[in-house]
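A short write-up of the structure that comes next.
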Amino acid sequence: MNDLERLTERYPALAGMKEEIAGAFRILKESYENGGKLLVCGNGGSASDSDHIVGELMKGFYKKRPLSEEEKEKYGELAGHLQGALPAISLTGHPALSTAFLNDVDPEMVFAQQVYGYGREGDVLIAITTSGNSVNVLHAVKVAKAKGMKVIGLTGHDGGALKELCEVCLIVPGGTTADIQEYHLPVYHTICAMLEEHFFPGE
């Protein structure tokens with residue numbers, strides 16, 4: 001059973017999202033294959049989800065991801081304590097930067113500033129907002145688009161303003177923020193698992 005089939009078997013309400021989830025996977029796969037990285041942002045519980053996504057990509061998720069023989073030779077005795085990583089940065093950390101920018105410049109631009117600083121053409125932004133209308137997230141998306149990045153939205157309800165700004169918008173069902181966030185987790189876990197299987201096969 002592949003990861004998408006496993007997701008829809010466990011969460012039948014997400015069965016209609018297979019095409020969008022596969023599309024998000026393809027965007028990330030292409031970016032990573034071309035040396036890109038992932039940036040992730042969101043507020044509140046979605047900030048925690050941002051950190052969670054990075055944690056699944058930057059180290060082993062289901063697999064150990066051992067280094068190649070060439071890398072083992074390069075890193076010597078440290079190699080046994082390193083794992084293959086898919087580069088990803090959560091924009092919700094960095095408290096010194098964030099609080100300085102919030103205080104000195106503009107609270108609504110705190111994610112946008114980091115996208116401006118970290119982002120490069122070919123990178124990807126995952127923008128998480130349960131309403132689809134979080135202003136600081138939308139500003140980050142607009143900067144990402146101006147930089148030539150692709151955007152994956154993770155949201156609920158009708159997708160809000162975010163829906164029209166993304167290459168792929170993953171709109172999960174749910175009537176409340178909590179319900180939407182509960183569905184976000186298995187969706188991004190599935191995408192992370194698909195990426196791991198692609199980039200670290202047979203491990």
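The values are calculated or read from the model by the stated rules, or taken from the named source; none is laboratory data. Everything quoted here is computed from the prediction, not taken from an experiment. Cβ: placed from backbone, ideal geometry, glycine included. Neighbour counts: every protein chain shown. Protein only, heavy atoms only, side chains kept; ligands, DNA and RNA dropped before computing areas. Shrake-Rupley method; radii C 1.70, N 1.55, O 1.52, S 1.80 Å.
Strictly greater than 28 Å: what percent of every Cα pair in the chain meets that? Here the tail beyond 28 Å accounts for 27 percent of pairs.
Distant-in-sequence amide contacts of Ile126, defined by a placed amide H-H separation under 5 Å and a gap of 5 or more residues or a different chain, comprise Leu39, Val40, Cys41, Ile152.
Once you've got the GNM for the chain with C-alpha springs shorter than 10 Å, pick whichever of Gly80, Gly148, Gly16 has the biggest mean-square fluctuation. Result: Gly80 has the largest fluctuation of those listed.
Here the label points at Lys74 and Lys142, each 7 Å from Cα along the C-beta direction, are separated by 4.0 nm in the simple model. Mean separation of Cα pairs under 8 Å and 6 or more residues apart, divided by the residue count, gives the chain a relative contact order of 25 percent. Solvent-accessible surface (1.4 Å probe) assigned to Ile89 amounts to roughly 40 Å². Over the chain, dividing the summed -39,500 (n - 2.57) contributions of all DSSP H runs of at least 4 residues by the number of residues returns a 222 nm mean residue ellipticity of -15000 deg cm²/dmol.
In order along the stretch 99-104, the Karplus-derived 3J(HN,Hα) couplings, from 6.51 cos²θ - 1.76 cosθ + 1.60 at θ = phi - 60°, round to 5, 5, 5, 4, 7, 9 Hz, and Gly and Pro are given as x. Taking 17 Å as the straight-line reach from the Cα of Lys63, the aspartates and glutamates in range (excluding those fewer than 8 positions away in the same chain) are Asp3, Glu196, Glu197, Glu203.
With a 1.4 Å probe and all protein chains left in place, how much of the accessible area of the stretch 61-131 comes from carbon and sulfur atoms, in whole percent? Roughly 55 percent of what the probe reaches on the stretch 61-131 is carbon or sulfur. Since only Ile191, Val105, Asn136 are under comparison, the one whose Cα sits farthest along the positive direction of the charge dipole of the stretch 80-203, derived from C-beta charges on Lys, Arg, Asp and Glu, is Val105. Given a Förster distance of 22 angstrom, what is the FRET efficiency for His94 paired with Lys59, based on the Cβ-Cβ distance and rounded to 0.05? Efficiency, from the Cβ-Cβ distance: 0.65. Per residue, the solvent-accessible area of the stretch 42-142 (1.4 Å probe, heavy atoms of protein chains only, all protein chains present) comes to 53 Å².
For the stretch 33-70, backbone nitrogen atoms closer than 13 Å to the point 7 Å from Gln83 Cα along Cα-to-C-beta are found at 53-67. Here the Karplus relation 6.51 cos²θ - 1.76 cosθ + 1.60, evaluated at θ = phi - 60°, turns the backbone of the stretch 160-172 into coupling constants of x, 5, 4, 3, 7, 9, 10, 5, 9, 10, 8, 9, 8 Hz, with x for every Gly and Pro. For the residue pairs Lys18/Lys163; Lys74/Lys150; Lys18/Lys142, alpha carbon separations beyond 23 Å are given by Lys74/Lys150; Lys18/Lys142. Magnitude of the charge dipole for the chain, about its Cα centre and with charges confined to Cβ atoms of Lys, Arg (+1) and Asp, Glu (-1), is about 160 debye. Karplus-derived 3J(HN,Hα) values for the stretch 89-98, using 6.51 cos²θ - 1.76 cosθ + 1.60 with θ = phi - 60°, are 10, 7, 8, 8, x, 6, x, 5, 4, 4 Hz; glycine and proline are entered as x.
The convex hull around the C-alpha trace of the stretch 123-203, projected and averaged over every direction, spans 5.7 square nanometres.
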